[in-house]
Amino acid sequence: MRYMILIYNDPTVFMSMSQEQQGAEFAAYMAWNQEAAQRGVLRDGIQLQPANLATTVRVRDGKTMLTDGPFAETKEVLGGIYVIDCADLNEALDLAAKIPSARHSSVEVRPIMELPA
Amino acid sequence: MNTMHDVIAETFRLESRKVIAVLLSTLCDVELAEDALQDALVIALQRWKIDGIPRNPGAWIMTTARRKVIDRLRSAGALERNLPAIEAASAALADDEDGASDLQIPDERLKLIFTCCHPALGQEAQVGLTLQTLGGLTTPEIARAFLVPEPTMAQRLVRAKRKIRDAGIPYEVPASSEIPARLDAVLTVLYLIFNAGYAASEGDALIRHDLCDEAIRLARVLNALLTDVPGLTEDTEALGLLALMLLHHARRDARLGTVGDLIPLEEQERARWRHDEIAEGVAILDRALALQRRGPYQIQAAISALHAQAAQAEDTDWAQILVLYGALYDLHPTPIVALNRAVALAMQAGPEAGLTALDDPVFSELQSYYLYHAARADLLRRCGRTDAARQAYETALRFTDNAAEQAYLRRRIQP
């Protein structure tokens, strides 16, 4: 089953880390990537630019409305995603718990809608 | 009236809990398994009336339900997507038929318990699912037990079953390294079921024996499975919970007065306690304690055992109970545990000491909890401060909707 891991970070957390801590966080992500790749489950991974670069689009009555910023104004914003292909939810949750951001922010695991070919 | 219809339905009910657990091991779709079982029941009602109940009803139900699973998957459209499930069901059906009528149904209920109590499901859904798939309770029964409208409960159950299927919640006993953490959720669910029966918080019935019985039955199944399944071992907290529930439930006949009023522990007629059940609870607790891994359920069971073993209320070993509440507070520093500890302190060191303890800021959270005010009122009464006691009882009255609890408090105000 394919799952998407959505990583919701509070960007100020990373900014307020010392340089060593940032380096450790980066190394931990590298290690995670390596483990997921070795397990053969990693399908995709994307890191997003900061949320202040986001533009939200809504179409109402045929009119397109644009808003500066992410969909929801919260402290934690979507920072990146992984797509993994696992046997079941337990395996996906096990990997999600190892994502460095899970220790200070939240990561969400959702099954991907599989459309018939 | 014990008609053939009832006998068939009862046989079916007993066997079908095991069958659904087995069906799910190739299916991972609770709704589909239940629909197929329902189909099998309809056929059983027709066939068993004519042919009699088969020698191995479980095997009969299983093969019939498997055929119905295949039928339903075939007619559901999306044949291509369902093909793997159809193949799995067909292969399992062929295996069953090789064994013919001597088929032994493996006990897959442990997997089912862990699936129903998966932390990816909401806790209310875990409780409902456990009662439905393992306890065989109907949706209206579960809705009534948890005081929610039937459509709400029905929707909650359907959502949970779909999440199991669509999010890929596996049907398996977790790896032994994960058992302690996952078992926690299972024990919480069983305890919630028991408490829903033991202290129905609204309406006229204070105890719902059926829910207490069901929680105890499931805890027995869980403990037996943990012992029997290779690679798993007895769990001290699972034993502790079973002991706790047995010890509490043994007092059921003495807890309610003739008009359904609540009788406090010290006033209960101890001859009406079920002493065989107390003995069983104490024996199970002793087995857990011997394994020397203490935990909150065992401590609570030990407290309950001390009450149960006192021949008279005056004989209660409050010094020991106070120590145990202290140990419980170390593990679970909640205001409720602190409240119980304060009451034990009052029994050990006098009501003044208890009242002083109740002034602790930890109780600011309990200002709208009726038991806090009821406990304070009792201590004030024992100190002879009648007016302050009456006021506290009246405050307590404002915070409970349970008719039996209200009657108890009114009795205290006007003796």
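The values are calculated or read from the model by the stated rules, or taken from the named source; none is laboratory data. This one's a predicted model, so the numbers in the text were calculated from it and none came from an experiment. Here Cβ is always computed from backbone atoms with ideal geometry, including for glycine, and neighbour counts include all displayed protein chains. For accessibility, only protein heavy atoms count, side chains too; no ligands or nucleic acids. Shrake-Rupley method; radii C 1.70, N 1.55, O 1.52, S 1.80 Å.
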* Check whether at least one residue in the stretch B:255-265 is of a type outside the set (S, T, Y), in a helix (DSSP H, G or I) and either under 17 Å from B:A375 (Cβ atoms) or free of Cβ contacts under 8 Å to residues at least 24 places away in the same chain (or both), and report yes or no. => yes
* To do: Go through the stretch B:42-87 and count every residue that is more than 14 Å from chain A (Cβ to nearest Cβ), among the hydrophobic types (A, V, I, L, M, F, W, C) and loosely packed, with under 15 Cβ neighbours inside 10 Å.
  => 3
* Kindly establish whether B:I61 is in a loop (DSSP other than H, G, I, E, B) and either among the hydroxyl-bearing types (S, T, Y) or over 25 Å from the mean Cα position of the chain (by Cα) (or both). => no
* Out of the residues in the stretch A:59-89 that are surrounded by fewer than 19 Cβ atoms within 10 Å (Cβ to Cβ) and within 14 Å of chain B (Cβ to nearest Cβ), which is modelled with the highest pLDDT? -> A:D85
* Asked: Is it fair to say B:L247 is touching a helix residue (DSSP H, G or I) at 6+ places or on another chain (Cβ under 8 Å), more than 13 Å from B:R220 (Cβ to Cβ) and open to solvent by 20 Å² or more (accessible area, probe 1.4 Å)?
  -> no
* Structure fact -> Those residues of the stretch B:254-286 which are at pLDDT 95 or above and touching a Gly at 6+ places or on another chain (Cβ under 7 Å) amount to B:L285
* Could you look through the stretch B:10-38, keep only residues that are open to solvent by 40 Å² or more (accessible area, probe 1.4 Å) and more than 23 Å from the chain's Cα centre (by Cα), and pick out the one that is farthest from B:D166 (Cα to Cα)? => B:Q38
* Structure fact -> Per the filter on the stretch A:90-116, residues in a loop (DSSP other than H, G, I, E, B), surrounded by 13 or more Cβ atoms within 10 Å (Cβ to Cβ) and within 11 Å of chain B (Cβ to nearest Cβ) are A:I112
* To do: Can you confirm whether the stretch B:305-321 contains a residue that is within 21 Å of B:A238 (Cα to Cα), touching a residue at least 40 places away in the same chain (Cβ under 8 Å) and of a type in the set (S, T, N, Q)?
  => no
* To do: All but one of (1) open to solvent by 40 Å² or more (accessible area, probe 1.4 Å); (2) among the β-branched types (V, I, T); (3) within 14 Å of another protein chain (Cβ to nearest Cβ) hold for A:V41, so report the exception by its number.
  => (1)
* **Tabulated pairs, the stretch B:270-282, first hydrophobic (A, V, I, L, M, F, W, C), second open to solvent by less than 20 Å² (accessible area, probe 1.4 Å), C-beta under 6 angstrom, 6+ apart or interchain** => B:W273/B:A250; B:W273/B:R251; B:W273/B:A254; B:I278/B:A250; B:I278/B:A308; B:V282/B:A305
* Asked: Which of the residues belonging to the stretch B:162-201 are under 16 Å from B:E124 (Cβ atoms), open to solvent by less than 30 Å² (accessible area, probe 1.4 Å) and either of a type in the set (D, E) or at the interface with another protein chain (Cβ under 10 Å from one of its Cβ atoms) (or both)?
  -> B:I164
* Checking B:D107 against (1) at pLDDT below 85; (2) in a loop (DSSP other than H, G, I, E, B); (3) open to solvent by less than 60 Å² (accessible area, probe 1.4 Å), which single condition isn't satisfied? -> (3)
